[in-house]
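One structure is given here, and the rest of the page talks about it.
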Amino acid sequence: KGGLIGVIAGLIAVSLASPLVSPRIFEKWFGVPEFLLLAPLPIISAGLIVFLWIALRHLPDRRDQWCWVPFIATTALFALAFAGLAYTALAYTVFRGKATELRYD
(Lines give C-alpha, C1' and ligand atoms only; values in the text may rest on other atoms or scores of the structure.)
Protein backbone atom coordinates (compact mmCIF):
# COMPACT_ATOMS: atom_id res chain seq x y z
CA LYS A 1 0.00 0.00 0.00
CA GLY A 2 2.92 2.33 0.59
CA GLY A 3 3.89 2.14 -3.07
CA LEU A 4 0.34 2.97 -4.12
CA ILE A 5 0.36 6.05 -1.92
CA GLY A 6 3.60 7.14 -3.61
CA VAL A 7 2.04 6.67 -7.05
CA ILE A 8 -1.05 8.63 -6.01
CA ALA A 9 1.12 11.43 -4.60
CA GLY A 10 3.20 11.53 -7.78
CA LEU A 11 0.16 11.68 -10.06
CA ILE A 12 -1.40 14.44 -7.98
CA ALA A 13 1.84 16.43 -7.82
CA VAL A 14 2.40 16.30 -11.58
CA SER A 15 -1.27 17.02 -12.31
CA LEU A 16 -1.32 20.06 -10.05
CA ALA A 17 2.08 21.42 -11.01
CA SER A 18 1.18 22.29 -14.60
CA PRO A 19 -1.86 24.50 -13.95
CA LEU A 20 -0.29 26.09 -10.87
CA VAL A 21 2.89 27.23 -12.63
CA SER A 22 1.13 28.53 -15.72
CA PRO A 23 -1.97 30.74 -15.60
CA ARG A 24 -2.53 30.01 -19.30
CA ILE A 25 -2.68 26.27 -18.67
CA PHE A 26 -4.93 26.84 -15.66
CA GLU A 27 -7.38 28.76 -17.87
CA LYS A 28 -7.22 26.07 -20.57
CA TRP A 29 -7.77 23.17 -18.18
CA PHE A 30 -10.47 24.72 -16.01
CA GLY A 31 -12.34 26.79 -18.57
CA VAL A 32 -15.53 25.60 -20.20
CA PRO A 33 -15.80 23.55 -22.48
CA GLU A 34 -12.19 22.33 -22.08
CA PHE A 35 -12.88 21.22 -18.51
CA LEU A 36 -15.69 18.96 -19.72
CA LEU A 37 -13.47 17.48 -22.43
CA LEU A 38 -10.57 16.83 -20.04
CA ALA A 39 -12.69 15.60 -17.09
CA PRO A 40 -12.78 11.92 -18.16
CA LEU A 41 -9.01 11.54 -17.66
CA PRO A 42 -8.88 12.37 -13.93
CA ILE A 43 -12.22 10.64 -13.34
CA ILE A 44 -10.99 7.40 -14.95
CA SER A 45 -7.67 7.71 -13.10
CA ALA A 46 -9.42 8.21 -9.77
CA GLY A 47 -11.69 5.26 -10.49
CA LEU A 48 -8.70 3.05 -11.27
CA ILE A 49 -6.97 4.15 -8.06
CA VAL A 50 -10.05 3.34 -5.97
CA PHE A 51 -10.45 0.01 -7.78
CA LEU A 52 -6.78 -0.80 -7.19
CA TRP A 53 -6.99 0.21 -3.52
CA ILE A 54 -10.01 -2.07 -2.97
CA ALA A 55 -8.40 -4.94 -4.87
CA LEU A 56 -5.21 -4.71 -2.82
CA ARG A 57 -7.21 -4.79 0.42
CA HIS A 58 -8.78 -8.11 -0.60
CA LEU A 59 -5.68 -9.81 -1.97
CA PRO A 60 -4.11 -12.29 -1.69
CA ASP A 61 -7.12 -14.50 -2.12
CA ARG A 62 -7.03 -18.05 -0.84
CA ARG A 63 -7.38 -19.42 -4.37
CA ASP A 64 -5.35 -16.53 -5.87
CA GLN A 65 -8.20 -16.03 -8.29
CA TRP A 66 -7.95 -12.24 -8.80
CA CYS A 67 -4.16 -11.83 -8.73
CA TRP A 68 -4.15 -10.26 -12.22
CA VAL A 69 -6.43 -7.34 -11.25
CA PRO A 70 -3.73 -5.07 -9.70
CA PHE A 71 -1.50 -5.59 -12.74
CA ILE A 72 -4.24 -4.60 -15.20
CA ALA A 73 -5.34 -1.59 -13.12
CA THR A 74 -1.75 -0.39 -12.70
CA THR A 75 -1.03 -0.86 -16.40
CA ALA A 76 -4.13 1.15 -17.32
CA LEU A 77 -3.15 3.91 -14.87
CA PHE A 78 0.35 4.02 -16.34
CA ALA A 79 -1.06 4.12 -19.88
CA LEU A 80 -3.28 7.11 -19.00
CA ALA A 81 -0.34 8.98 -17.46
CA PHE A 82 1.90 8.11 -20.39
CA ALA A 83 -0.74 9.17 -22.92
CA GLY A 84 -0.79 12.62 -21.30
CA LEU A 85 2.99 12.80 -21.55
CA ALA A 86 3.02 11.48 -25.17
CA TYR A 87 0.30 14.01 -26.12
CA THR A 88 2.38 16.86 -24.69
CA ALA A 89 5.46 15.68 -26.57
CA LEU A 90 3.42 15.40 -29.79
CA ALA A 91 2.01 18.93 -29.36
CA TYR A 92 5.48 20.38 -28.82
CA THR A 93 6.79 18.51 -31.86
CA VAL A 94 3.94 19.56 -34.15
CA PHE A 95 4.05 23.23 -33.17
CA ARG A 96 7.83 23.60 -32.80
CA GLY A 97 8.98 26.70 -34.64
CA LYS A 98 5.49 27.57 -35.88
CA ALA A 99 4.27 29.62 -32.95
CA THR A 100 5.58 33.12 -32.43
CA GLU A 101 5.15 35.70 -29.74
CA LEU A 102 1.71 37.30 -29.90
CA ARG A 103 1.90 41.01 -30.76
CA TYR A 104 -0.74 43.56 -31.67
CA ASP A 105 1.30 46.15 -33.59
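The values are calculated or read from the model by the stated rules, or taken from the named source; none is laboratory data. Every value quoted in this text rests on a predicted model; they were computed, and no experiment measured them. Methodologically, a virtual Cβ is constructed for each residue, glycine included, from the backbone with ideal geometry; neighbour enumeration extends over all protein chains shown. What goes into the accessible areas is simple: the full protein's heavy atoms, side chains included, and nothing from ligands, DNA or RNA. Shrake-Rupley method; radii C 1.70, N 1.55, O 1.52, S 1.80 Å.
Dipole size of the chain about its Cα centre, with +1 on Lys/Arg Cβ and -1 on Asp/Glu Cβ: approximately 200 debye, rounded to the nearest 20. Consider all pairwise Cα distances in region 1-44 and report the whole-number % of them above 12 Å. Taking all Cα-Cα pairs of region 1-44, the fraction more than 12 Å apart is 66 percent. Measuring only protein heavy atoms, the 1.4 Å probe finds Phe78 accessible over about 140 Å². Note on the chain: dipole from Cβ charges, positive end direction compared against Thr100, Val69, Ala79; the farthest Cα belongs to Val69.
Helix screen, the chain: DSSP H segments with Cα axial length of 15 Å or more and mean Kyte-Doolittle hydropathy at least 0.5 are 2-21, 40-58, 69-95.
Could you please state how large a percent of the accessible area of the chain is carbon and sulfur, counting protein chains only and using a 1.4 Å probe?
Reported share for carbon and sulfur atoms: 72 percent.
All Cα-Cα distances of the chain, cut into 10 Å bins from zero to the largest, leave 12, 35, 29, 15, 7, 2, 1, 0 percent in each bin in turn. Ligands, DNA and RNA are left out, and with a 1.4 angstrom probe the accessible area of the chain is 84 Å² per residue.
For the chain, modelled as a GNM with alpha-carbon contacts under 10 angstrom, which of Leu56, Leu48, Leu16 fluctuates the most? Top of the fluctuation ranking is Leu16.
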